[in-house]
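Visitor: Take a look at the following structure, please.
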Amino acid sequence: MSELAITLLDACNYALILLLVALGLAIIFGLMNVINLAHGEFLMLGGYVLLAVKMAGGSFWAGLVLAPVVVGVVGLVVEELVIRRIYSRVVDTILATWGISLLIKQLIVIGFGPGSYAVEAPFSTAVPILGTSYPSYRLFIMAVSICCVTATFLFFFKTRTGLAARGVIANRTMAACLGVNTRRLDRLTFAFGAGLAGLAGAVISPLISLDPQMGLGFLVPAFLAILVGGLGTITGPVAGASGVGLADNLTATFLSPVWAQLVVFVLAIIVIRLAPSGLLARKRRKT
């Protein structure tokens with residue numbers, strides 16, 4: 001019973017982290033129609049911001065707060081200099097963000113070297129759960145993810161700006177005709193999505209090794225989660241990340257990481273074949 005509880009908690013931990021990453025991707029694509037291949041590098045950048053703060057003598061908590069802010073600012077600069085010029089060309093957004101991802105990786109290699117780094121967790125206590133001990137920091141990660149996802153949903157469904165954003169997702173032309181400042185929403189959306197990825201990278205840094213290639217391991221599952229959950233909706237990533245995250249982690253635990261990747265891809269193919277638009281997709285109105 002205790003081993004099963006740990007396995008399920010680990011699976012939920014991974015699914016919630018994946019949801020945090022996938023949510024930022026889904027918001028950027030849903031509002032801006034941009035396929036952001038640099039999202040994994042934004043996650044990686046968040047981890048390195050935390051590392052830089054620690055190297056400079058700062059605390060873990062200062063790095064955790066600064067990571068989403070710094071990465072959000074980077075996202076704002078990227079949107080202003082590159083992304084805003086290619087909104088209507090989806091293929092170009094793929095190429096441009098792929099180039100940005102390579103640039104960020106090389107800058108990290110220049111600044112920190114190609115090697116990996118380890119970040120120590122701010123606390124290493126354990127919490128008794130069903131007769132066994134579970135790391136409290138993993139529970140903290142789950143709490144952070146739940147709080148961020150909840151805050152995101154409250155923002156989109158309980159505020160005027162969120163209503164305007166959902167209006168742009170449904171019909172950009174009509175929202176603009178009604179007076180919505182779509183340009184301002186585009187800037188804020190890209191920065192917000194990048195910030196979510198930066199926070200995810202910072203909060204998981206004590207659990208993994210930091211290296212310039214770490215973002216790829218989360219980018220592919222996040223895209224699969226969005227495809228499974230459905231495009232054009234904020235709730236889709238919840239279903240997608242839950243399914244992909246649980247399937248990946250449980251299969252890796254009971255079989256092997258190789259089988260986990262195979263199972264996730266097969267399940268994703270089946271879902272996309274049966275529901276091409278995703279499980280919770282909402283059709284966009286034509287403009």
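Visitor: If I filter region 1-43 down to residues being touching a strand residue (DSSP E or B) at 6+ places or on another chain (Cβ under 8 Å) and closer than 20 Å to Ile146 by Cα, which single residue comes out as surrounded by the fewest Cβ atoms within 10 Å (Cβ to Cβ)? Show your work before the answer.
Guide: Our first condition is that a residue be touching a strand residue (DSSP E or B) at 6+ places or on another chain (Cβ under 8 Å); within region 1-43, this holds for 2-3, 5-6, 9.
With closer than 20 Å to Ile146 by Cα added as a condition, the list becomes 5-6, 9.
Values: Ala5: 14, Ile6: 18, Leu9: 18.
The selected residue is Ala5.
Visitor: OK, next. Suppose the filter is surrounded by fewer than 15 Cβ atoms within 10 Å (Cβ to Cβ) and touching a strand residue (DSSP E or B) at 6+ places or on another chain (Cβ under 9 Å); does Ala118 pass it?
Guide: Answer is yes for this residue.
Visitor: Considering only helices (runs of 4 or more DSSP H) fully contained in region 157-229, which possess at least 2 residues that are touching a helix residue (DSSP H, G or I) at 6+ places or on another chain (Cβ under 9 Å), buried (at least 17 other Cβ atoms within 10 Å of the Cβ) and aliphatic (A, V, I, L, M)? Talk me through it step by step, then tell me what you get.
Guide: Working: elements: 160-170, 172-177, 182-203, 216-229.
Result: 160-170, 182-203, 216-229.
Visitor: Does region 116-146 hold any residues that are part of a strand (DSSP E or B), of a type outside the set (Ser, Thr, Tyr) and touching a residue at least 60 places away in the same chain (Cβ under 8 Å), and which are they? Lay out the reasoning, then the answer.
Guide: Step one: list which residues in region 116-146 are part of a strand (DSSP E or B), which gives 117, 126-129, 132-135.
Subsequent filtering for residues that are of a type outside the set (Ser, Thr, Tyr) retains 126-129, 135.
Ile129 - this is the single residue of region 116-146 that is part of a strand (DSSP E or B), of a type outside the set (Ser, Thr, Tyr) and touching a residue at least 60 places away in the same chain (Cβ under 8 Å).
Visitor: Okay, moving on. Please go through region 38-53 and give me each residue that is among the hydrophobic types (A, V, I, L, M, F, W, C) and touching a helix residue (DSSP H, G or I) at 6+ places or on another chain (Cβ under 7 Å), ordered by number.
Guide: Ala38, Phe42, Leu43, Met44, Leu45, Val49, Leu50, Val53
Visitor: Give me the residue from region 139-179 that is among the β-branched types (Val, Ile, Thr) and modelled with pLDDT under 80 and, out of that set, nearest to Val34 (Cα to Cα). Don't jump to the end; show me each part of the working.
Guide: Quick first cut of region 139-179, residues among the β-branched types (Val, Ile, Thr) only: 141, 144, 146, 149-150, 152, 159, 161, 168-169, 173.
Now narrow it down to the ones that are modelled with pLDDT under 80: 168-169, 173.
On the way: Val168: 14, Ile169: 12, Thr173: 17 Å.
Filtering region 139-179 for residues that are among the β-branched types (Val, Ile, Thr) and modelled with pLDDT under 80, the one nearest to Val34 (Cα to Cα) comes out as Ile169.
Visitor: Taking the criterion of being over 12 Å from the mean Cα position of the chain (by Cα), crowded, with 24+ Cβ neighbours inside 10 Å and of a type in the set (A, V, I, L, M), would at least one residue in region 58-66 satisfy it? Steps first, answer last, please.
Guide: As a first pass, look at region 58-66 and keep what is over 12 Å from the mean Cα position of the chain (by Cα): 58-66.
When the remaining residues are screened for being crowded, with 24+ Cβ neighbours inside 10 Å, the result is 63.
Right, trim to of a type in the set (A, V, I, L, M) and you get none.
Looking through region 58-66, none of the residues is over 12 Å from the mean Cα position of the chain (by Cα), crowded, with 24+ Cβ neighbours inside 10 Å and of a type in the set (A, V, I, L, M).
Visitor: Within region 75-97, take every residue that is at pLDDT 85 or above and loosely packed, with under 15 Cβ neighbours inside 10 Å and give me the one that is farthest from Gly193 (Cα to Cα).
Guide: In this case the residue turns out to be Leu95.
The values are calculated or read from the model by the stated rules, or taken from the named source; none is laboratory data. Source: prediction; values computed, not measured. With ideal geometry, Cβ positions are generated from the backbone for all residues, glycine too; neighbour counts draw on all protein chains shown.
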